[in-house]
Structures are given as C-alpha cells and as structure tokens.
1. What are the residues in region 114-153 that are among the basic types (Lys, Arg) and assigned to a strand (DSSP E or B), if any?
2. Of all residues in region 114-134, which are open to solvent by 10 Å² or more (accessible area, probe 1.4 Å) and small (Gly, Ala, Ser)?
3. When region 135-153 is examined, which residues are found to be of a type in the set (Val, Ile, Thr) and surrounded by fewer than 16 Cβ atoms within 10 Å (Cβ to Cβ)?
4. Where in region 27-113 are the strands (runs of 3 or more DSSP E), entirely inside, with at least 3 residues that are surrounded by 16 or more Cβ atoms within 10 Å (Cβ to Cβ) and either among the aliphatic types (A, V, I, L, M) or at pLDDT below 95 (or both)?
5. Is it true that some residue in region 102-115 is under 20 Å from GLY51 (Cα atoms) and aromatic (Phe, Trp, Tyr)?
6. Condition first: of a type in the set (Asp, Glu) and under 13 Å from ILE75 (Cβ atoms). Now tell me which residues in region 20-54 satisfy that.
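The values are calculated or read from the model by the stated rules, or taken from the named source; none is laboratory data. Note that the coordinates shown come from a computational prediction; the quantities given were computed from them, not determined experimentally. No Cβ is skipped: glycine too gets one built from the backbone with ideal geometry, and neighbour counts run over all protein chains shown. We work out accessible area using only protein heavy atoms, side chains counted, and drop any ligands, DNA or RNA first. Shrake-Rupley method; radii C 1.70, N 1.55, O 1.52, S 1.80 Å.
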Amino acid sequence: MSGKISEEVEVKVSITEAWEVYSTLKLAMILQSELPHLYGVDILEGDGGVGTIIKVTPRPGVSVKPAFKERFTKIDHEKRVKEIEIIEGGYLDMGCTSYRITLEFMEKENEESSCILRVTVEYEANEDASFVTIKPLMNTLKFVNQYLQNNKT
C-alpha cells in the first residue's frame, strides 16, 4: 500500500529567510533550543548537506511516533526543495517500509515578505497505513514558522 499526503502553510518571512533555515541545520537547532520539552534532536552525521543524519527523540508524554533517524537526501537550492527520508524508527517501526518528506518553498505572488511551504509525505506500507498522519509534522513546522516571524532579522 502506498500513500501521499500534502499540505501547504504560509510562512510569514521571505522565501530567502525561510529557505536559509529549512535547507540547513538551523531548523534542527531551533527545535533543539525552542522545543526541548517535546523533542531531543541529535546531529549524528554531516554538516546539514545531503547525507546528513539526524535523530529525533520525542520526550516522554509526547503523543508522537517513536524515535527516528532521518537522512537529508536532496537539497536543491535553485528550486528550494528538500527531501528527507526516515531511515530508522518512527513510522518504519510502525509498519511503513519507506517514508519520505518533501519540503518545497514557493514564492507568494506580489508578496516578498511571505512564501508558501508545501509539505508532502510519501510512504509505502505492507498493510493498512491509516496510522500515518502529517499533523504532528505540520504542528511542528507551524511553530517554527511562528518562531521565524517573531525573530526576523
């Protein structure tokens, strides 16, 4: 069984500012510093480029999937697209055989001070995958977007 879930959210900073955070390890650093009560974030390998591996560990009491490791598999600065694959844990421990997240930034017409982030999750599972949801990811990204808006430089 395969599936695909997409959602868009407005990011109220310029596309350049948003991409500077989302395309690098700055996103992990924001999660580490601003949401330590929800997630532990450890950079296991890499400098933020393709091949970087991060471990995300939900804290006790957080109703999110188990700890997982993700690898940055694509970072296209021209198209502003980043792809991340879960390589261990998380949804893979829950029955998925693959789980990929694509973050795509698009300019908002006639508005330089904000942009659109399209988040797409694609997965494969051996059985029913009704447990797969994009909600916790979107909630986290909405928090990051609010953080960016409140901390504009």
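1. ARG118
2. SER130
3. THR153
4. 53-58, 81-89, 96-108
5. Within region 102-115, none of the residues are under 20 Å from GLY51 (Cα atoms) and aromatic (Phe, Trp, Tyr).
6. GLU20, ASP47, listed by residue number.
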